[in-house]
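Below: one structure, written as structure tokens.
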Amino acid sequence: MKCRKCGGKASINMRQHRLALCKEHYIEWVPEQTERFIKKYGMFTQSEKILVAVSGGKDSLALWDILNRLGYHADGLYLGLGIDGGINYSHESQRLTEKFANKNNLILHVVDIEKEYGQPIPVLSEISHRGHGKPCAVCGLTKRHEMNRIARDLGYAVLATGHNLDDEAAVLFGNTLNWASEYLLRQGPVLPESEGLARKVKPLCRFYEREMTAYCLSRGIEYIYEECPFAEGSQSIYYKELLNQLETTRPGAKLTFYLRFLEARKSGNLFIEHEVGRAHLHPCPKCGQPTSTSDLCSFCRMIEKANVPV
Ligand code: AMP
Ligand code: FES
Ligand code: ZN
Ligand code: ZN
């Protein structure tokens, strides 16, 4: 297989794009594509301050690297979740994130959940009795809340996450199976800013997971290989496996599934009648973030239930 640009030996073949590239041209192609998506979906401009949520995994480290190569003002946020799982998961992912930041001279904010809220995620989950024995629900809730809080407190206009096409297609698949219309209406590369919340963007949403692995390897970016130890057996991993099977026989199926969804949503063709219920949101009396419940937001309720002094 030959590189389409230089005719040299290709190091990646992207069947869905009918495109093979050598290492050198591949690491040029990725940021070019990212810039195209940033512009196409109106994600942000060079003058906006971006906070990149960096987990130490390949996607978010690749994203941080790409945005900096493109000349954007992008600082990092690492959330210390306190997850060990026998592999020192949080410790190792923090180490790799800090190493990347130091090596590239980038600003990284580190927020430790245990220091902020008295307990690490697994304990918060246990004592708040949420999520049926798995910490993932409390973890997701906490990550969302903290990303919003830090972006607001530190004055970032944009919050960027490393979600890739495999992530987005799996979420879309789950939401479609459940015909979860509110979620479907909100899913996309950009969630506009609202009521004190930064705009949320996913600049990697059109890249396959394997493309980000190849990018990190080609750029020499060290990332944590392990998934979160609690992710095992999760629904999203199961959906990813199903979509991978589909992709094997129909290259490009994942991308088509996602892109056709975005087109349908844009043209108002989703057959979902009701409007996203935003009108009746009000600020949580404790933290100020918008909530639809009549009292504290679900994060503050979780913390209260966990009975930890905030
Ligand atoms: P996940 O929910 O683990 O699939 O991660 C999705 C995205 O959330 C990642 O690409 C990161 O941008 C962000 N993220 C996940 N975990 C963390 C963390 N511990 N600190 C900061 N950002 C994170
Ligand atoms: Fe949060 Fe796994 S439970 S990353
Ligand atoms: Zn080449
Ligand atoms: Zn709150």
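Take region 1-157, compute every pairwise Cα distance, and split them into 5 Å bins from 0; I just need the percent in each bin.
Bin by bin from 0 Å, the calculated values are 2, 8, 14, 16, 16, 13, 12, 10, 6, 3, 1, 0.
For region 97-175, what is the number of Lys pairs with C-alpha distance below 23 angstrom, counting only pairs 8 or more positions apart or on separate chains?
So the count of such lysine pairs works out to 5.
Would you work out what percent of the accessible area of region 96-202, with all protein chains in place, is carbon or sulfur (probe 1.4 Å)?
For region 96-202, the apolar C and S fraction of the accessible surface comes to 53 percent.
By how many nm would the segment from Lys9 to Glu32 grow when fully extended, if each residue of separation counts as 0.36 nm and the alpha-carbon distance is taken off?
Full extension from Lys9 to Glu32 adds 6.2 nm.
Got a number for carbon plus sulfur as a percent of region 1-74's accessible area, 1.4 Å probe?
48 percent
Only sites in a loop by DSSP and with at most 14 other Cβ atoms within 10 Å count here; which GluC sites (Glu not before Pro) in region 229-266 make the cut?
Glu232
If you count only protein heavy atoms with a 1.4 Å probe, what accessible area per residue comes out for the chain, rounded to a whole Å²?
51 Å²
Treating the angle as unsigned and between 0 and 90°, give the value, to the nearest 10°, between the Cα long axis of helix 136-153 and the longest Cα principal axis of the chain.
Tilt of helix 136-153: around 90 degrees.
Under a straight-distance cross-link criterion of Cα-Cα below 16 Å, which aspartates and glutamates are reachable from Lys286, leaving out those fewer than 8 residues away in the same chain?
Filter leaves Glu116, Glu146, Asp153, Glu195, Asp295, Glu304.
State the extension gain, in nm to one decimal, for the chain segment bounded by Gln16 and Ser181, taking 0.36 nm per residue of separation less the distance between their alpha-carbons.
56.5 nm
Between Arg69 and Leu281, what is the FRET efficiency for a Förster distance of 41 Å, r being their Cβ-Cβ separation, to the nearest 0.05?
E(calc), rounded to 0.05, equals 0.65.
Starting from the Cα of Glu116, step 7 Å toward the Cβ, then list every residue of region 36-54 with an amide N under 19 Å from that point.
Those under the cut-off are 50-54.
Compute, for the chain, the length of the dipole vector about the Cα centre, with Cβ point charges of +1 (Lys, Arg) and -1 (Asp, Glu) only. Units Debye, rounded to 20.
1100 debye
Dividing the convex hull volume of the alpha carbon atoms of the chain by its residue count, what do you get in Å³ per residue?
It comes to 145 Å³ per residue, whole-number rounded.
Which one, Thr45, Thr249, Thr161, has the greatest fluctuation when you compute a Gaussian network model over the chain with C-alpha springs under 10 angstrom?
Thr249
Only Cα pairs within less than 10 Å get springs; with that Gaussian network setup on the chain, which residue of Arg206, Arg95, Arg260 has the largest fluctuation?
Maximum among the listed residues: Arg260.
Taking the Cα atoms of region 43-117 alone, what are Rg (to one decimal) and Dmax (as a whole number) in Å?
Every Cα atom of region 43-117 included, Rg and Dmax give 13.0, 43 Å.
Considering only DSSP beta bridges with both partners in the chain, what is the antiparallel share in %, to the nearest 5?
The antiparallel fraction comes to roughly 40 percent.
Rank these residues by their accessible area, most exposed first, probe 1.4 Å: Lys240, Lys49, Lys40.
Correct descending sequence by accessible area is Lys40, Lys49, Lys240.
If the convex hull of the alpha-carbon atoms of region 174-310 is projected onto planes in all directions, what is the mean projected area in square nanometres?
Mean projected area for region 174-310: 12.0 nm², to one decimal.
Just to be sure I understand the model, the point goes 7 Å from the Cα along the line to the Cβ. What's the resulting Ser292 to Glu226 distance in nm?
If labels sit at Ser292 and Glu226, their model points lie 3.7 nm apart.
Tell me, rounded to the nearest percent, the portion of alpha carbon pairs in region 19-81 spaced more than 12 Å apart.
71 percent
The values are calculated or read from the model by the stated rules, or taken from the named source; none is laboratory data. These numbers come from a predicted model, not from an experiment. Positions of Cβ are generated from backbone atoms using ideal geometry, with glycine treated the same way; all protein chains shown enter the neighbour counts. These accessible areas exclude ligands, DNA and RNA; they are computed on the full protein's heavy atoms, side chains included. Shrake-Rupley method; radii C 1.70, N 1.55, O 1.52, S 1.80 Å.
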